[in-house]
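Report on the following structure.
The values are calculated or read from the model by the stated rules, or taken from the named source; none is laboratory data. Please read these numbers as outputs of a predicted model, since none were measured by experiment. In this analysis, Cβ positions are derived from the backbone assuming ideal geometry, glycine residues included, and neighbour counts consider all displayed protein chains. In case anyone asks, the SASA skips ligands and DNA or RNA and just uses the protein heavy atoms, side chains included. Shrake-Rupley method; radii C 1.70, N 1.55, O 1.52, S 1.80 Å.
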Amino acid sequence: MTIRVLIADDQQMVRTGFRMIVDSQPDMEVVGEAADGAEAVALARRLRPDVCLFDIRMPRMDGLEATRLLAGPSVADPLHVVIVTTFDMDEYVYGALRGGAAGFLLKDSGPALLVEAVRAAANGEALVSPSITVRLLEHLATPPPAPRLPREALTDRELEVVRLVARGRTNEEIAGELFVSLSTVKTHLGSIHRKLGTRNRVESAAWAWESGLMT
């Protein structure tokens with residue numbers, strides 16, 4: 001199965017670079033490019049790509065709003081959007097956590113991580129650069145004085161898992177650190193999402209920082 005990718009960035013060189021990386025993979029193809037957020041939303045709704053790679057700063061409509069329109073909580077059939085951004089310039093990318101983004105990468109993360117993020121998003125998972133998870137969420141999240149507990153409290157083991165998710169660990173790394181099987185980690189994540197009302201590990205990571213769990 002070929003993963004169909006839409007790229008949106010106002011810089012032609014960035015789009016060309018991403019296209020070369022994506023098209024070099026035997027299981028991926030770029031099906032469209034957009035130079036601004038409004039064009040990206042229109043193309044995404046028409047083409048229904050498996051994964052969208054969006055910059056934050058774009059003309060007409062920024063990547064944050066484009067993500068919300070395509071993947072937000074009110075979208076009936078959301079698309080998978082991966083934000084590719086620059087930490088120093090795009091601090092407001094944190095808002096995309098609530099806009100439904102399925103992953104975050106720094107633009108200098110390299111081809112391997114970009115490809116990994118596309119595959120993860122296509123599989124309904126999320127990949128967040130560890131540096132973004134720790135630096136960005138810690139920088140932008142302002143925890144309340146006491147943890148804001150979910151409607152159904154997490155178990156001790158689930159809290160361990162969600163802490164590691166918020167630190168950018170993959171499922172395999174979590175399994176290794178907790179000495180459990182990969183399937184057990186996936187079971188815990190499913191339970192965490194259900195209890196917190198989160199749709200993916202990105203939203204669960206946001207909850208961990210917002211609730212004060214990481215302080």
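Excluding ligands and nucleic acids, what accessible area in Å² is computed for His188 using a 1.4 Å probe, to the nearest 10?
The value for His188 is about 40 Å².
Quick one: order Leu182, Leu164 from most to least accessible surface, probe 1.4 Å.
Leu182, Leu164
In square angstrom, rounded to the nearest 10, how much accessible surface does Val22 have for a 1.4 Å probe?
Here the accessible area works out near 0 Å².
Provide the gained length on full extension for the span Thr86 to Ala153, in nm with one decimal, where the gain is 0.36 nm per separating residue minus the Cα-Cα distance.
Stretched out fully, the Thr86 to Ala153 stretch lengthens by 20.6 nm.
Could you give the length gained on full extension between Asn123 and Asp10, defined as 0.36 nm per residue of separation minus the Cα-Cα distance, in nm?
38.0 nm
Order of 194-200, 36-42, 64-70 by packing, highest average Cβ count within 10 Å first?
So the peptides 194-200, 36-42, 64-70, ranked by packing, come out 64-70, 36-42, 194-200.
Over all alpha-carbon pairs in the range 1-80, figure out the percentage whose distance exceeds 21 Å.
Tail of P(r) above 21 Å: 22 percent of Cα pairs.
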